[in-house]
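I have placed the structure first, in the form of C-alpha coordinates, so that the comments after it can refer back to it.
The values are calculated or read from the model by the stated rules, or taken from the named source; none is laboratory data. Given the structure is predicted, the values throughout are model-derived calculations rather than measurements. We place every Cβ from the backbone using ideal geometry, glycine too, and count neighbours over all the protein chains shown.
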Amino acid sequence: MARIGQADAGRPVGKGARMVHGPAEDRGVGDRRMAGGAAADAVAAVSEGRLWDRLMAMARIGGFTTEEGHEGVNRPCLTPLDREARRLLIGWAQAAGASVSVDPAANLFLRWEGTDPSLAPVLTGSHMDTQPQGGRFDGIYGVLAGLEAIEALAASGVRPRRPVEVVAWTNEEGGRFAPGCTGSMSFAGFKPMSAFDDIVDAEGVRYADALAAQLAEEADLPRRPLGYVPHAYVEAHIEQGPRLEAEGQDIGVVTGIQGSRWFTVTVEGRTDHAGTTPLSLRKDAVQDALRAIAALNALMHDPTDVLRFTVGSIAVEPGTSNSVARRVVFTIDFRHPDEAVLRPRGDAIAGVVQAALKACTARVHERFTAWPADFGPTVPEAVARAAASQGLKAIRLPSGAFHDAQFLVPVCPTGMIFIPCRGGVSHHPSEYAEPRACANGARVLTEAVLELAGGP
(Lines give C-alpha, C1' and ligand atoms only; values in the text may rest on other atoms or scores of the structure.)
Protein backbone atom coordinates (compact mmCIF):
# COMPACT_ATOMS: atom_id res chain seq x y z
CA MET A 1 0.00 0.00 0.00
CA ALA A 2 1.18 3.52 -0.73
CA ARG A 3 2.31 5.54 2.26
CA ILE A 4 1.09 9.12 2.44
CA GLY A 5 4.06 11.47 2.57
CA GLN A 6 4.82 15.17 2.38
CA ALA A 7 2.67 15.69 -0.70
CA ASP A 8 -0.33 15.49 1.61
CA ALA A 9 1.03 17.87 4.21
CA GLY A 10 -1.22 20.50 5.73
CA ARG A 11 -0.05 23.87 6.99
CA PRO A 12 3.42 24.05 8.58
CA VAL A 13 4.00 24.10 12.31
CA GLY A 14 3.50 27.58 13.70
CA LYS A 15 5.73 29.35 16.19
CA GLY A 16 3.31 28.83 19.06
CA ALA A 17 2.77 25.12 18.53
CA ARG A 18 3.72 22.85 21.42
CA MET A 19 5.64 19.70 20.56
CA VAL A 20 4.66 16.48 22.28
CA HIS A 21 7.93 14.67 21.76
CA GLY A 22 11.25 14.93 23.55
CA PRO A 23 14.79 13.84 22.68
CA ALA A 24 15.01 11.06 20.12
CA GLU A 25 16.16 8.55 22.69
CA ASP A 26 13.07 9.22 24.84
CA ARG A 27 10.36 9.13 22.19
CA GLY A 28 7.97 6.21 21.69
CA VAL A 29 4.37 5.12 21.39
CA GLY A 30 4.19 4.76 25.15
CA ASP A 31 5.47 8.26 25.95
CA ARG A 32 3.36 9.23 28.97
CA ARG A 33 5.19 12.41 29.98
CA MET A 34 2.68 14.43 27.98
CA ALA A 35 -0.20 13.37 30.27
CA GLY A 36 0.19 16.36 32.58
CA GLY A 37 1.23 18.88 29.92
CA ALA A 38 0.35 19.02 26.26
CA ALA A 39 -2.24 16.25 26.50
CA ALA A 40 -3.97 17.98 29.40
CA ASP A 41 -4.10 21.21 27.39
CA ALA A 42 -5.56 19.44 24.38
CA VAL A 43 -8.09 17.51 26.46
CA ALA A 44 -9.19 20.73 28.13
CA ALA A 45 -9.71 22.30 24.69
CA VAL A 46 -12.33 19.69 23.70
CA SER A 47 -15.65 21.53 23.53
CA GLU A 48 -18.77 19.62 24.55
CA GLY A 49 -20.97 22.37 23.07
CA ARG A 50 -19.19 22.50 19.72
CA LEU A 51 -19.27 18.72 19.34
CA TRP A 52 -22.96 18.55 20.25
CA ASP A 53 -23.89 21.40 17.91
CA ARG A 54 -22.13 19.65 15.05
CA LEU A 55 -23.83 16.34 15.81
CA MET A 56 -27.19 18.10 15.67
CA ALA A 57 -26.26 19.97 12.48
CA MET A 58 -25.37 16.69 10.79
CA ALA A 59 -28.60 15.13 12.08
CA ARG A 60 -30.61 17.72 10.16
CA ILE A 61 -29.17 16.42 6.88
CA GLY A 62 -31.57 13.58 6.13
CA GLY A 63 -33.37 14.10 9.43
CA PHE A 64 -36.98 13.16 10.14
CA THR A 65 -39.28 12.92 13.16
CA THR A 66 -41.37 9.85 13.94
CA GLU A 67 -44.95 9.89 15.19
CA GLU A 68 -43.54 9.12 18.64
CA GLY A 69 -41.35 12.22 18.49
CA HIS A 70 -38.01 10.46 17.93
CA GLU A 71 -35.55 12.30 15.69
CA GLY A 72 -34.01 9.91 13.20
CA VAL A 73 -31.75 10.23 10.17
CA ASN A 74 -31.94 8.62 6.74
CA ARG A 75 -28.71 9.56 4.95
CA PRO A 76 -27.68 6.85 2.46
CA CYS A 77 -24.14 6.75 1.15
CA LEU A 78 -23.22 8.25 -2.22
CA THR A 79 -26.34 10.41 -2.43
CA PRO A 80 -26.89 14.19 -2.51
CA LEU A 81 -27.54 14.08 1.24
CA ASP A 82 -24.24 12.31 1.78
CA ARG A 83 -22.48 14.91 -0.34
CA GLU A 84 -24.09 17.74 1.63
CA ALA A 85 -22.90 16.23 4.91
CA ARG A 86 -19.38 15.74 3.54
CA ARG A 87 -19.19 19.36 2.38
CA LEU A 88 -20.22 20.54 5.83
CA LEU A 89 -17.50 18.38 7.38
CA ILE A 90 -14.92 19.63 4.89
CA GLY A 91 -15.71 23.25 5.73
CA TRP A 92 -15.29 22.64 9.45
CA ALA A 93 -12.00 20.80 8.91
CA GLN A 94 -10.51 23.45 6.68
CA ALA A 95 -11.49 26.17 9.14
CA ALA A 96 -9.58 24.24 11.80
CA GLY A 97 -6.45 24.17 9.63
CA ALA A 98 -6.69 20.58 8.39
CA SER A 99 -6.01 19.60 4.79
CA VAL A 100 -8.61 17.50 2.98
CA SER A 101 -8.24 14.75 0.39
CA VAL A 102 -10.21 11.83 -1.02
CA ASP A 103 -9.16 8.39 -2.29
CA PRO A 104 -10.60 6.32 -5.18
CA ALA A 105 -13.08 4.61 -2.82
CA ALA A 106 -14.42 8.07 -1.80
CA ASN A 107 -12.98 7.70 1.69
CA LEU A 108 -12.57 11.27 2.94
CA PHE A 109 -9.45 12.27 4.92
CA LEU A 110 -8.86 15.31 7.13
CA ARG A 111 -5.19 15.73 8.00
CA TRP A 112 -3.63 17.65 10.91
CA GLU A 113 0.04 17.80 10.12
CA GLY A 114 2.70 16.62 12.55
CA THR A 115 6.20 17.95 12.97
CA ASP A 116 7.50 15.13 10.79
CA PRO A 117 5.18 14.75 7.77
CA SER A 118 7.15 11.73 6.52
CA LEU A 119 5.93 9.56 9.41
CA ALA A 120 2.87 7.35 9.14
CA PRO A 121 -0.19 9.09 10.58
CA VAL A 122 -2.38 8.03 13.46
CA LEU A 123 -5.79 7.46 11.88
CA THR A 124 -9.17 7.93 13.55
CA GLY A 125 -12.72 8.23 12.30
CA SER A 126 -15.83 6.27 11.39
CA HIS A 127 -18.64 6.71 8.83
CA MET A 128 -21.32 9.25 7.88
CA ASP A 129 -24.01 7.10 6.25
CA THR A 130 -27.00 5.80 8.20
CA GLN A 131 -29.58 3.06 8.15
CA PRO A 132 -32.90 4.01 6.47
CA GLN A 133 -34.46 4.37 9.93
CA GLY A 134 -31.21 5.33 11.63
CA GLY A 135 -30.23 7.54 14.53
CA ARG A 136 -28.16 10.67 15.04
CA PHE A 137 -25.00 9.14 16.54
CA ASP A 138 -24.07 5.84 14.88
CA GLY A 139 -20.96 6.43 12.81
CA ILE A 140 -21.06 10.20 12.56
CA TYR A 141 -20.08 10.50 16.23
CA GLY A 142 -16.69 8.91 15.51
CA VAL A 143 -16.02 11.26 12.60
CA LEU A 144 -16.96 14.36 14.59
CA ALA A 145 -15.08 13.17 17.68
CA GLY A 146 -12.00 12.89 15.47
CA LEU A 147 -12.59 16.37 14.10
CA GLU A 148 -13.00 17.62 17.67
CA ALA A 149 -9.60 16.12 18.50
CA ILE A 150 -8.08 18.13 15.63
CA GLU A 151 -9.91 21.25 16.81
CA ALA A 152 -8.56 20.69 20.33
CA LEU A 153 -5.02 20.29 19.01
CA ALA A 154 -5.37 23.51 17.05
CA ALA A 155 -6.88 25.46 19.95
CA SER A 156 -4.24 24.29 22.42
CA GLY A 157 -1.30 24.78 20.07
CA VAL A 158 -0.28 21.12 20.41
CA ARG A 159 1.53 19.63 17.43
CA PRO A 160 2.36 15.89 17.69
CA ARG A 161 5.30 14.40 15.89
CA ARG A 162 3.11 12.18 13.71
CA PRO A 163 0.28 13.53 11.58
CA VAL A 164 -3.26 12.82 12.73
CA GLU A 165 -5.82 11.94 10.08
CA VAL A 166 -9.58 11.73 10.46
CA VAL A 167 -11.32 9.44 7.97
CA ALA A 168 -14.96 9.24 6.94
CA TRP A 169 -15.27 5.74 5.48
CA THR A 170 -17.59 5.13 2.53
CA ASN A 171 -20.68 2.90 2.87
CA GLU A 172 -20.19 1.34 6.28
CA GLU A 173 -23.87 0.62 6.88
CA GLY A 174 -24.71 -1.22 3.69
CA GLY A 175 -28.18 0.31 3.89
CA ARG A 176 -28.11 1.27 0.22
CA PHE A 177 -25.38 -1.02 -1.13
CA ALA A 178 -24.86 -4.31 0.72
CA PRO A 179 -22.54 -5.45 2.17
CA GLY A 180 -21.30 -2.46 4.08
CA CYS A 181 -17.74 -1.39 4.91
CA THR A 182 -16.84 -1.22 1.23
CA GLY A 183 -14.63 1.82 1.79
CA SER A 184 -12.59 0.33 4.61
CA MET A 185 -12.41 -3.08 2.94
CA SER A 186 -11.04 -1.44 -0.22
CA PHE A 187 -8.57 0.67 1.78
CA ALA A 188 -7.25 -2.31 3.74
CA GLY A 189 -7.03 -4.64 0.74
CA PHE A 190 -9.60 -7.01 2.26
CA LYS A 191 -11.27 -6.99 -1.16
CA PRO A 192 -10.45 -5.10 -4.37
CA MET A 193 -12.67 -2.13 -5.19
CA SER A 194 -13.85 -3.91 -8.32
CA ALA A 195 -15.49 -6.59 -6.16
CA PHE A 196 -18.24 -4.09 -5.33
CA ASP A 197 -18.79 -2.57 -8.79
CA ASP A 198 -21.93 -4.50 -9.71
CA ILE A 199 -23.77 -4.26 -6.39
CA VAL A 200 -27.07 -2.50 -7.05
CA ASP A 201 -29.40 -0.55 -4.80
CA ALA A 202 -33.20 -0.83 -4.68
CA GLU A 203 -33.49 1.40 -7.76
CA GLY A 204 -30.98 -0.65 -9.75
CA VAL A 205 -28.14 1.88 -9.49
CA ARG A 206 -24.70 0.24 -9.64
CA TYR A 207 -22.26 0.94 -6.85
CA ALA A 208 -19.52 1.76 -9.39
CA ASP A 209 -21.74 4.38 -11.02
CA ALA A 210 -22.75 5.96 -7.71
CA LEU A 211 -19.08 6.05 -6.66
CA ALA A 212 -18.06 7.70 -9.93
CA ALA A 213 -20.76 10.34 -9.46
CA GLN A 214 -19.54 11.03 -5.93
CA LEU A 215 -15.93 11.47 -7.04
CA ALA A 216 -17.01 13.74 -9.88
CA GLU A 217 -18.80 15.99 -7.38
CA GLU A 218 -15.59 16.18 -5.35
CA ALA A 219 -13.22 16.74 -8.26
CA ASP A 220 -12.03 19.93 -6.56
CA LEU A 221 -10.49 17.91 -3.70
CA PRO A 222 -6.91 16.59 -3.86
CA ARG A 223 -6.90 12.89 -4.76
CA ARG A 224 -4.72 10.42 -2.85
CA PRO A 225 -3.87 6.77 -3.59
CA LEU A 226 -5.99 3.99 -2.14
CA GLY A 227 -4.61 2.64 1.12
CA TYR A 228 -1.55 3.12 3.27
CA VAL A 229 -0.22 1.69 6.54
CA PRO A 230 -1.23 3.94 9.45
CA HIS A 231 0.81 3.97 12.63
CA ALA A 232 -2.40 3.07 14.47
CA TYR A 233 -6.18 3.33 14.05
CA VAL A 234 -8.69 4.19 16.78
CA GLU A 235 -12.43 4.55 16.22
CA ALA A 236 -14.87 6.20 18.61
CA HIS A 237 -18.46 4.93 18.53
CA ILE A 238 -21.61 4.62 20.57
CA GLU A 239 -21.73 1.18 22.18
CA GLN A 240 -24.93 0.03 20.41
CA GLY A 241 -25.44 -2.17 23.44
CA PRO A 242 -26.62 -1.80 27.05
CA ARG A 243 -23.58 -2.68 29.19
CA LEU A 244 -21.99 0.72 29.74
CA GLU A 245 -25.23 2.39 30.74
CA ALA A 246 -26.42 -0.56 32.84
CA GLU A 247 -23.11 -0.78 34.73
CA GLY A 248 -22.63 2.98 35.18
CA GLN A 249 -19.47 3.09 33.06
CA ASP A 250 -18.19 6.11 31.13
CA ILE A 251 -15.95 4.44 28.56
CA GLY A 252 -15.74 1.07 26.88
CA VAL A 253 -12.20 -0.05 26.05
CA VAL A 254 -12.98 -2.31 23.11
CA THR A 255 -10.86 -5.46 22.94
CA GLY A 256 -12.03 -6.76 19.57
CA ILE A 257 -14.99 -7.43 17.28
CA GLN A 258 -16.91 -10.66 17.07
CA GLY A 259 -16.97 -12.46 13.74
CA SER A 260 -19.88 -12.42 11.31
CA ARG A 261 -21.14 -14.88 8.71
CA TRP A 262 -24.10 -13.89 6.55
CA PHE A 263 -26.06 -16.34 4.43
CA THR A 264 -28.97 -16.28 2.00
CA VAL A 265 -31.15 -19.41 1.89
CA THR A 266 -33.47 -20.02 -1.07
CA VAL A 267 -36.13 -22.72 -0.64
CA GLU A 268 -37.74 -23.84 -3.90
CA GLY A 269 -41.16 -25.49 -3.95
CA ARG A 270 -44.18 -25.35 -6.26
CA THR A 271 -47.18 -23.06 -6.48
CA ASP A 272 -50.56 -24.78 -6.08
CA HIS A 273 -54.11 -23.73 -5.31
CA ALA A 274 -54.56 -23.30 -1.55
CA GLY A 275 -58.13 -24.61 -1.66
CA THR A 276 -57.77 -27.65 -3.90
CA THR A 277 -54.33 -29.18 -3.35
CA PRO A 278 -54.06 -31.79 -0.55
CA LEU A 279 -51.31 -31.09 1.98
CA SER A 280 -49.69 -34.44 1.24
CA LEU A 281 -49.08 -33.44 -2.39
CA ARG A 282 -47.74 -29.95 -1.80
CA LYS A 283 -44.22 -28.62 -2.15
CA ASP A 284 -44.83 -25.72 0.19
CA ALA A 285 -41.75 -23.50 0.43
CA VAL A 286 -43.06 -21.67 3.50
CA GLN A 287 -43.55 -24.83 5.52
CA ASP A 288 -40.11 -26.16 4.60
CA ALA A 289 -38.53 -22.78 5.35
CA LEU A 290 -40.13 -22.89 8.79
CA ARG A 291 -38.72 -26.40 9.34
CA ALA A 292 -35.27 -25.19 8.28
CA ILE A 293 -35.39 -22.17 10.59
CA ALA A 294 -36.51 -24.33 13.51
CA ALA A 295 -33.61 -26.71 12.87
CA LEU A 296 -31.19 -23.79 12.65
CA ASN A 297 -32.44 -22.45 15.98
CA ALA A 298 -31.58 -25.82 17.51
CA LEU A 299 -28.13 -25.75 15.87
CA MET A 300 -27.47 -22.26 17.21
CA HIS A 301 -28.74 -22.83 20.76
CA ASP A 302 -26.30 -21.31 23.26
CA PRO A 303 -27.12 -21.47 26.98
CA THR A 304 -24.53 -18.76 27.67
CA ASP A 305 -26.38 -16.31 25.35
CA VAL A 306 -23.15 -15.22 23.65
CA LEU A 307 -24.01 -16.49 20.16
CA ARG A 308 -26.10 -14.23 17.92
CA PHE A 309 -28.34 -15.87 15.30
CA THR A 310 -30.88 -13.80 13.36
CA VAL A 311 -33.25 -14.47 10.49
CA GLY A 312 -33.94 -10.86 9.61
CA SER A 313 -35.58 -10.99 6.19
CA ILE A 314 -38.08 -13.42 4.65
CA ALA A 315 -39.46 -12.99 1.13
CA VAL A 316 -42.26 -15.24 -0.16
CA GLU A 317 -43.36 -15.83 -3.76
CA PRO A 318 -45.95 -15.45 -5.15
CA GLY A 319 -47.02 -13.90 -1.86
CA THR A 320 -50.78 -14.28 -2.21
CA SER A 321 -53.06 -15.62 0.50
CA ASN A 322 -54.71 -18.33 -1.63
CA SER A 323 -51.59 -19.82 -3.22
CA VAL A 324 -49.05 -22.30 -1.92
CA ALA A 325 -45.64 -20.61 -1.87
CA ARG A 326 -43.24 -21.71 -4.58
CA ARG A 327 -40.18 -19.89 -3.22
CA VAL A 328 -38.97 -18.50 0.10
CA VAL A 329 -35.73 -16.54 0.47
CA PHE A 330 -34.50 -15.81 3.97
CA THR A 331 -31.33 -14.34 5.40
CA ILE A 332 -29.10 -15.47 8.23
CA ASP A 333 -26.89 -13.22 10.32
CA PHE A 334 -24.66 -15.38 12.56
CA ARG A 335 -22.09 -13.84 14.92
CA HIS A 336 -19.77 -15.04 17.65
CA PRO A 337 -16.50 -13.74 19.17
CA ASP A 338 -14.80 -17.17 18.97
CA GLU A 339 -13.78 -18.53 15.58
CA ALA A 340 -13.87 -22.04 17.09
CA VAL A 341 -17.65 -21.58 17.34
CA LEU A 342 -18.24 -19.40 14.30
CA ARG A 343 -16.51 -21.68 11.83
CA PRO A 344 -18.04 -25.12 12.56
CA ARG A 345 -21.58 -23.94 13.22
CA GLY A 346 -21.54 -21.75 10.15
CA ASP A 347 -20.20 -24.62 8.09
CA ALA A 348 -23.07 -26.80 9.35
CA ILE A 349 -25.83 -24.46 8.18
CA ALA A 350 -26.20 -25.88 4.67
CA GLY A 351 -26.44 -29.47 5.89
CA VAL A 352 -28.94 -28.60 8.62
CA VAL A 353 -31.16 -26.81 6.11
CA GLN A 354 -31.09 -29.70 3.67
CA ALA A 355 -31.87 -32.27 6.36
CA ALA A 356 -34.88 -30.25 7.57
CA LEU A 357 -36.66 -30.11 4.22
CA LYS A 358 -39.68 -32.35 3.61
CA ALA A 359 -40.69 -31.68 0.00
CA CYS A 360 -38.59 -28.80 -1.37
CA THR A 361 -35.02 -28.12 -2.39
CA ALA A 362 -32.74 -25.37 -1.08
CA ARG A 363 -29.63 -23.39 -1.95
CA VAL A 364 -27.44 -21.82 0.74
CA HIS A 365 -25.15 -18.97 -0.27
CA GLU A 366 -22.65 -17.37 2.10
CA ARG A 367 -22.57 -13.72 1.08
CA PHE A 368 -20.26 -12.22 3.69
CA THR A 369 -17.64 -13.50 6.13
CA ALA A 370 -15.53 -11.59 8.63
CA TRP A 371 -13.67 -13.65 11.23
CA PRO A 372 -13.34 -12.38 14.80
CA ALA A 373 -10.84 -9.56 15.25
CA ASP A 374 -8.59 -9.20 18.31
CA PHE A 375 -7.32 -5.66 18.72
CA GLY A 376 -4.21 -6.61 20.68
CA PRO A 377 -2.74 -4.37 23.40
CA THR A 378 -1.36 -1.21 21.76
CA VAL A 379 -4.44 0.91 21.12
CA PRO A 380 -6.68 -0.47 23.89
CA GLU A 381 -3.96 0.22 26.46
CA ALA A 382 -3.64 3.81 25.22
CA VAL A 383 -7.41 4.21 25.51
CA ALA A 384 -7.42 2.71 29.02
CA ARG A 385 -4.62 5.05 30.14
CA ALA A 386 -6.47 8.07 28.76
CA ALA A 387 -9.69 7.15 30.54
CA ALA A 388 -7.84 6.56 33.82
CA SER A 389 -5.93 9.82 33.63
CA GLN A 390 -9.22 11.68 33.21
CA GLY A 391 -10.88 9.89 36.12
CA LEU A 392 -13.45 8.14 33.95
CA LYS A 393 -14.85 4.72 34.78
CA ALA A 394 -14.00 2.20 32.06
CA ILE A 395 -14.46 -1.48 31.32
CA ARG A 396 -13.04 -3.73 28.64
CA LEU A 397 -15.55 -5.39 26.33
CA PRO A 398 -15.82 -6.79 22.80
CA SER A 399 -17.98 -5.26 20.09
CA GLY A 400 -21.03 -7.22 19.04
CA ALA A 401 -21.51 -5.14 15.90
CA PHE A 402 -18.91 -5.05 13.18
CA HIS A 403 -17.23 -1.77 12.29
CA ASP A 404 -14.70 -0.43 9.83
CA ALA A 405 -12.09 -1.04 12.55
CA GLN A 406 -12.43 -4.77 11.92
CA PHE A 407 -10.74 -4.44 8.55
CA LEU A 408 -7.84 -2.33 9.84
CA VAL A 409 -6.67 -5.07 12.24
CA PRO A 410 -4.35 -6.79 9.71
CA VAL A 411 -2.97 -3.42 8.62
CA CYS A 412 -1.96 -1.66 11.86
CA PRO A 413 -2.55 -1.59 15.65
CA THR A 414 -6.27 -0.98 16.02
CA GLY A 415 -8.80 -0.22 18.73
CA MET A 416 -12.12 1.39 19.53
CA ILE A 417 -13.64 3.63 22.18
CA PHE A 418 -17.27 3.07 23.17
CA ILE A 419 -19.52 5.58 24.91
CA PRO A 420 -22.88 4.71 26.51
CA CYS A 421 -26.09 5.00 24.53
CA ARG A 422 -29.55 5.11 26.07
CA GLY A 423 -31.01 1.64 26.50
CA GLY A 424 -28.37 0.23 24.17
CA VAL A 425 -30.65 1.20 21.26
CA SER A 426 -29.12 1.81 17.84
CA HIS A 427 -30.18 1.68 14.18
CA HIS A 428 -33.41 3.35 15.33
CA PRO A 429 -34.61 6.97 15.55
CA SER A 430 -34.65 6.76 19.36
CA GLU A 431 -30.87 6.19 19.43
CA TYR A 432 -29.38 8.68 21.90
CA ALA A 433 -26.13 9.54 23.66
CA GLU A 434 -25.83 12.25 26.30
CA PRO A 435 -23.77 15.37 25.40
CA ARG A 436 -21.50 14.64 28.36
CA ALA A 437 -20.90 11.08 27.18
CA CYS A 438 -20.04 12.34 23.70
CA ALA A 439 -17.55 14.81 25.16
CA ASN A 440 -16.01 12.18 27.45
CA GLY A 441 -15.36 9.95 24.47
CA ALA A 442 -13.84 12.80 22.46
CA ARG A 443 -11.51 13.70 25.34
CA VAL A 444 -10.34 10.10 25.72
CA LEU A 445 -9.87 9.92 21.95
CA THR A 446 -7.82 13.12 21.94
CA GLU A 447 -5.48 11.91 24.66
CA ALA A 448 -5.11 8.43 23.17
CA VAL A 449 -4.38 9.84 19.72
CA LEU A 450 -1.76 12.18 21.19
CA GLU A 451 -0.01 9.33 22.96
CA LEU A 452 0.01 7.26 19.79
CA ALA A 453 1.17 10.20 17.66
CA GLY A 454 3.76 11.52 20.11
CA GLY A 455 6.65 9.22 19.19
CA PRO A 456 8.15 7.58 16.10
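Need pairs with beta-carbon distance below 6 Å; first residue within 22 Å of ALA246 (Cβ to Cβ) and assigned to a strand (DSSP E or B) and within the stretch 371-395, second among the hydrophobic types (A, V, I, L, M, F, W, C) and at pLDDT 95 or above; sequence gap 6+ or separate chains.
ALA394/ILE251; ALA394/VAL253; ALA394/ALA387
May I ask you to verify whether VAL364 is modelled with pLDDT of 95 or more, in contact with a Phe, Trp or Tyr (Cβ under 8 Å, 6 or more places away or on another chain) and farther than 30 Å from VAL286 by Cα?
no
Taking the stretch 274-316 on its own, how many of its residues are part of a loop (DSSP other than H, G, I, E, B), farther than 30 Å from TRP371 by Cα and of a type in the set (Gly, Ala, Ser)?
2
For GLY139, indicate whether it is among the small types (Gly, Ala, Ser) and touching a Lys or Arg at 6+ places or on another chain (Cβ under 8 Å).
Spelling it out, it is not the case that GLY139 is among the small types (Gly, Ala, Ser) and touching a Lys or Arg at 6+ places or on another chain (Cβ under 8 Å).
Could you give me the residue pairs with C-beta distances under 6 Å whose first residue belongs to the stretch 83-112 and is outside any helix (DSSP H, G or I), whose second residue is of a type in the set (Ser, Thr, Tyr) and at pLDDT 95 or above wherever it lies, and which are 6+ apart or on separate chains?
If the second residue must be of a type in the set (Ser, Thr, Tyr) and at pLDDT 95 or above, the pairs left are ALA105/THR170; ALA105/SER186; ALA106/THR170; ASN107/THR170; PHE109/SER101; ARG111/SER99.
Given the criterion surrounded by fewer than 19 Cβ atoms within 10 Å (Cβ to Cβ) and either touching a strand residue (DSSP E or B) at 6+ places or on another chain (Cβ under 9 Å) or in the same structural domain as SER186 (by TED's automatic domain parsing) (or both), identify the matching residue among PRO121, PRO80, PRO76.
Answer to the check: PRO80.
Looking at the stretch 314-338, which of its residues are hydroxyl-bearing (Ser, Thr, Tyr) and either modelled with pLDDT under 95 or within 27 Å of THR276 (Cα to Cα) (or both)?
Listed by number, the residues that qualify are THR320, SER321, SER323.
Considering each residue of the stretch 242-273, count those that are assigned to a loop (DSSP other than H, G, I, E, B) and either surrounded by fewer than 21 Cβ atoms within 10 Å (Cβ to Cβ) or touching a strand residue (DSSP E or B) at 6+ places or on another chain (Cβ under 6 Å) (or both), and give that number.
9
Can you tell me which residues in the stretch 204-232 are assigned to a helix (DSSP H, G or I) and closer than 14 Å to PRO80 by Cβ?
Across the stretch 204-232, the qualifying residues are ALA210, ALA213, GLN214, ALA216, GLU217.
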